[in-house]
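The values are calculated or read from the model by the stated rules, or taken from the named source; none is laboratory data. On a predicted model such as this, the values are computed, not experimentally measured, just so you know. Cβ placement follows ideal geometry from the backbone for every residue including glycine, while neighbour counts extend to all protein chains displayed.
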Amino acid sequence: MKVFTEVTVGGPLSNNKGINKLGGGLSAEALTDKDKADIVTAAKIGVDYLAVSFPRCGEDLNYARRLARDAGCDAKIVAKVERAEAVCDQDAMDDVILASDVVMVPVATSASRSAILSWWASRKR
């Protein structure tokens, strides 16, 4: 498969950046090998919170929680919602939100923010 892009704001690329695709459908795992190693390090220093960037579903968060527990870490899990798949419908949002202890939505992800606020409002009724 070929992907064609257009650079709208140029500049140097740096490492350790997340990727995203308009409309979702990325095949990249939520947790990289580096993330898994970082969870072990986080357990050693006793962090209170672990953020999982780009979760697709609740299982991504549950997997991070299992890795943390196996490493002796009882940290709260933060879902950093950045993928369309995580907010594409009510069931997807329920899955991600209920599997996390905290939900964080980056400012630039306004569609995700609107979807989560709607979800929250529906639960308050």
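Per-structure values
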{"quantity": "Subset of the stretch 78-93 (residues that are surrounded by 24 or more Cβ atoms within 10 Å (Cβ to Cβ) and of a type in the set (D, E, K, R))", "calculated": "ARG83"}
{"quantity": "Test result for ALA68, under 12 Å from the mean Cα position of the chain (by Cα), assigned to a helix (DSSP H, G or I) and either at pLDDT 95 or above or farther than 10 Å from SER100 by Cα (or both)", "calculated": "no"}
{"quantity": "Residue list for the stretch 85-105, restricted to those being at pLDDT below 75 and either touching a Ser or Thr at 6+ places or on another chain (Cβ under 8 Å) or aliphatic (A, V, I, L, M) (or both)", "calculated": "ALA86, VAL87"}
{"quantity": "Unique residue being modelled with pLDDT of 85 or more and in a loop (DSSP other than H, G, I, E, B) when the list is LEU31, LEU50", "calculated": "LEU31"}
{"quantity": "Count - residues of the stretch 68-77 that are more than 14 Å from MET104 (Cα to Cα) and surrounded by fewer than 19 Cβ atoms within 10 Å (Cβ to Cβ)", "calculated": "5"}
{"quantity": "Flag for LEU26 being modelled with pLDDT of 75 or more, assigned to a loop (DSSP other than H, G, I, E, B) and touching a Phe, Trp or Tyr at 6+ places or on another chain (Cβ under 9 Å)", "calculated": "no"}
